[in-house]
1. Would the range 301-309 turn up any residue that is away from the ligand (no atom under 16 Å from the Cβ) and either at pLDDT below 95 or assigned to a helix (DSSP H, G or I) (or both)?
2. Could you list, in sequence order, the residues of the range 640-675 that are among the basic types (Lys, Arg) and under 44 Å from the mean Cα position of the chain (by Cα)?
3. Pull out all pairs, ordered by first then second residue, where Cβ-Cβ is under 6 Å, the residues are six or more apart or on different chains, the first lies in the range 600-616 and is on the phi < 0 side of the Ramachandran plot, and the second is among the acidic types (Asp, Glu) and open to solvent by less than 30 Å² (accessible area, probe 1.4 Å).
4. Out of the range 360-378, which residues are open to solvent by 40 Å² or more (accessible area, probe 1.4 Å) and closer than 17 Å to Asp321 by Cβ?
5. Taking the stated definitions as given, is Tyr330 assigned by TED's automatic domain parsing to the domain that holds Ile243, assigned to a helix (DSSP H, G or I) and either surrounded by 19 or more Cβ atoms within 10 Å (Cβ to Cβ) or acidic (Asp, Glu) (or both)?
6. Give me the helices (runs of 4 or more DSSP H) completely within the range 167-283, filtered to those with at least 3 residues that are at pLDDT 95 or above and within 16 Å of the ligand (Cβ to nearest atom), ordered by residue number.
7. Only residues that are more than 16 Å from the ligand (Cβ to nearest atom) and either among the aliphatic types (A, V, I, L, M) or outside the structural domain of Leu168 (by TED's automatic domain parsing) (or both): list them for the range 387-410, please.
8. Tell me, which helices (runs of 4 or more DSSP H) lie completely within the range 593-696 with 2 or more residues that are within 29 Å of Val412 (Cβ to Cβ) and of a type in the set (Lys, Arg)?
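The values are calculated or read from the model by the stated rules, or taken from the named source; none is laboratory data. Not measured: the values here are computed from a predicted model. Counting neighbours? That spans all protein chains shown, and the Cβs are built from the backbone with ideal geometry, glycine included. Please note that ligands, DNA and RNA were not included when accessible areas were found on the heavy atoms of the full protein model with its side chains. Shrake-Rupley method; radii C 1.70, N 1.55, O 1.52, S 1.80 Å.
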Amino acid sequence: MNRGQEPDIQSILQDKVSRRLDPPEDHQIPSPATATTEVGDQASHSRNGTLDAHDLPPSQPTAGWSVEESEKLYRIRGWGEPYFSVNAAGRVTVSPQGDRGGSLDLYELVQSLEQRDIHAPLLIRFSDILADRIERLNACFAKAIARYNYSGRYHGVFPVKCNQQRHLIEDLVRFGQPHQFGLEAGSKPELLIAIASLTTPGALLICNGYKDLEYVETAMLSRRLGHQSIIVLEQLDEVALVIESSRRLQIQPTLGIRAKLSAKGIGRWGSSAGDRAKFGLTIPEVVVAVEQLRAAGLLEALQLLHFHIGSQISAISVIKDALREASQIYVELARLGANMQYLDVGGGLGVDYDGSKSKSAASKNYNMQNYANDVVAEVKEACAEADISVPILVSESGRAIASHQSVLIMNVLGSSISQDYSVAPVQADEHLIIRNLYETYQSIDPDNYQEAYHDALQFKEEAVSLFGFGYLSLQERARAERICGACCTKILAIARQDNDLADDLEDLERRMASLYYTNLSVFQSAPDTWAIDQLFPIMPIHRLEEEPTQRGTLADLTCDSDGKIDQFIHARDTKAVLELHPLRSGESYYLGMFLNGAYQEVMGNLHNLFGDTNVVHIDLTPQGYHIAHVVKGDTITEVLGYVQYEAKDLLEKVRKQSESALQQQQITLPEAQLLLKNYERSLRSYTYLKSVDLAD
Ligand SMILES: *Cc1c(COP(=O)(O)O)cnc(C)c1O
């Protein structure tokens, strides 16, 4: 999907922000925000980064609640460190350089972007986080190499498929330069991106995926441009293609083989490995490929062994097993006469989405350093035993590099009205079923609440069937349902104290939850939550000094009942509802979805024609931050274009309709003008909703 043009003006905007560093002495170019706000407003950011009281919205810290409790509840230390935390004002702060640099208040940033007409839903990218992830990965390998006295080096690449956005790839190449960090392409379009974008001398360009002649030739010819392109054979057919191209072009390629390991992956992508995997050569095929290359005089070119056992490997034991098997294949290839130089361990390095540091699917039971240590140690051992020199280590970590850098900000447009379940005392002449329900209601206490729950539900069901047979009036049925609701509220309050919800009470929590309507399309911005039940940490980015008294699930804007989020991270397993604050009139309520920088953007689709969201790139500067790029989300005209509608044709058709309606006096002239004005304006606007002041 093409993105709109980025306005030039934004690239020169600098903004002042509350940070731990001192504010600048010199004046920045004023932003539209500062230009329109009252004099003195900017000055209210005090030097130590805290805010003056009049800057805050009417804040209502809850007695017996603290910011620390919010931190615990949303598990932000578990998944967010060192980039995300909560400040004393109860807002999420971002420290893009971890402990090494300044931080900014995410809520303030969102507000200042809104003032510049960059509205939610909004994807904010922190380039410094991307830089920090690259630094960390390289530092972990450097440390492991030093620790095990490994005589080879580490030479990482970023798999382009993980996030192909141009600004991100350009940043990545720039940040990766000191480490000669390269790129991995998994398709022809990605190869074209990689050849054009990779400007780092000596960096590797790993060419994976299905290949045709054009792919192979382009990859080989790119060596003439100075690229360190390595063509990885993924299918046996590709061997002949490579031999033929090499002969015709008179270019000596560097080749790799992707092996299907028998070591199994784990979880969602477990089937990426094993004999039935889609990619790679089986061991018999590896042997055939080696002989074909030998016969063609190209065995010298075979220098790399690659494997990839799937993404988000949550257990370190699985990684170790794969490494052991792959190291052995590497050694054997060297013995067969290949000129082995590189071992490419693929992706799989996990992200701790739920902060549990466990081997649950949304987590991982190891850290980046453990991973690097195991790669280095396993390979070294295998090579030492076989008495061959160790390879250059390549990894293709995508998720671990790209996830943290972006945050999706969504605003809540409204919530389902929580029902009024107050009940008047029952009268003696009311229907027996209503009297039974009321009696149940009165009897609820901590000793019998579970039993009372089942009674209440059963009585309610009976009331519904009595209504069906004509024995209850509509008012009586309403009364029965209201008393049942009151029972549930009372039971839930007791059950929550117990802290250990039995299964049916968890069901009750779900039943009683409010719906929070969010300005978002799950299908566009977080497709994996729908497609594969992926969990991302979600939390309010402000009001964290206040106890979140509501329980809710999130509904998106699409007319699809799957367009919802009703699974959230939790200490054990998942939870069905998220703790949220009641909405306040006249004030936007913002939620952040974190760690979603990998895979989501391009997998997103145009369901209901909700398009790409706005994206901003934020760089930290010594003065505060800098808006490096604004990529405006799709307009309605753009998404209509994807399904072959021309905006001007549509407008013309509506103009004709209103002309004839005018003639038949079905519409007044001012009405027709308003209709056409709105139609035209909508065509130019964002596909998401403008938030209406809740007080209106
Ligand atoms: C997807 C993919 C990767 C990236 O995996 P992550 O788990 O995101 O690091 C690496 N290599 C190959 C071959 C892939 O298909």
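1. Here is the first cut: in the range 301-309, the residues away from the ligand (no atom under 16 Å from the Cβ) are 301-303.
Then keep just the ones that are either at pLDDT below 95 or assigned to a helix (DSSP H, G or I) (or both); that gives 301.
Among the residues of the range 301-309, at least one is away from the ligand (no atom under 16 Å from the Cβ) and either at pLDDT below 95 or assigned to a helix (DSSP H, G or I) (or both), which makes the answer yes.
2. If we filter the range 640-675 for residues that are among the basic types (Lys, Arg), which is where we start, we get 648, 653, 655-656.
Within the range 640-675, Lys648, Lys653, Arg655 qualify.
3. Matching pairs, first to second residue: Gly611/Asp634; Asp612/Asp634.
4. Asn365, Asn370
5. On the way: assigned by TED's automatic domain parsing to the domain that holds Ile243: yes; assigned to a helix (DSSP H, G or I): yes; either surrounded by 19 or more Cβ atoms within 10 Å (Cβ to Cβ) or acidic (Asp, Glu) (or both): yes.
Taking the combined requirement at face value, the residue satisfies it.
6. On the way: elements: 188-197, 213-221, 237-249.
Because the criterion is at least 3 residues that are at pLDDT 95 or above and within 16 Å of the ligand (Cβ to nearest atom), the helices (runs of 4 or more DSSP H) in the range 167-283 that meet it are 188-197.
7. First, pick out the residues of the range 387-410 that are more than 16 Å from the ligand (Cβ to nearest atom): 387-392, 407-410.
Listed by number, the residues that qualify are Ile388, Val390, Ile392, Val407, Leu408, Ile409, Met410.
8. Working: elements: 600-603, 636-642, 647-663, 669-684.
Of the helices (runs of 4 or more DSSP H) lying wholly inside the range 593-696, those with at least 2 residues that are within 29 Å of Val412 (Cβ to Cβ) and of a type in the set (Lys, Arg) span 669-684.
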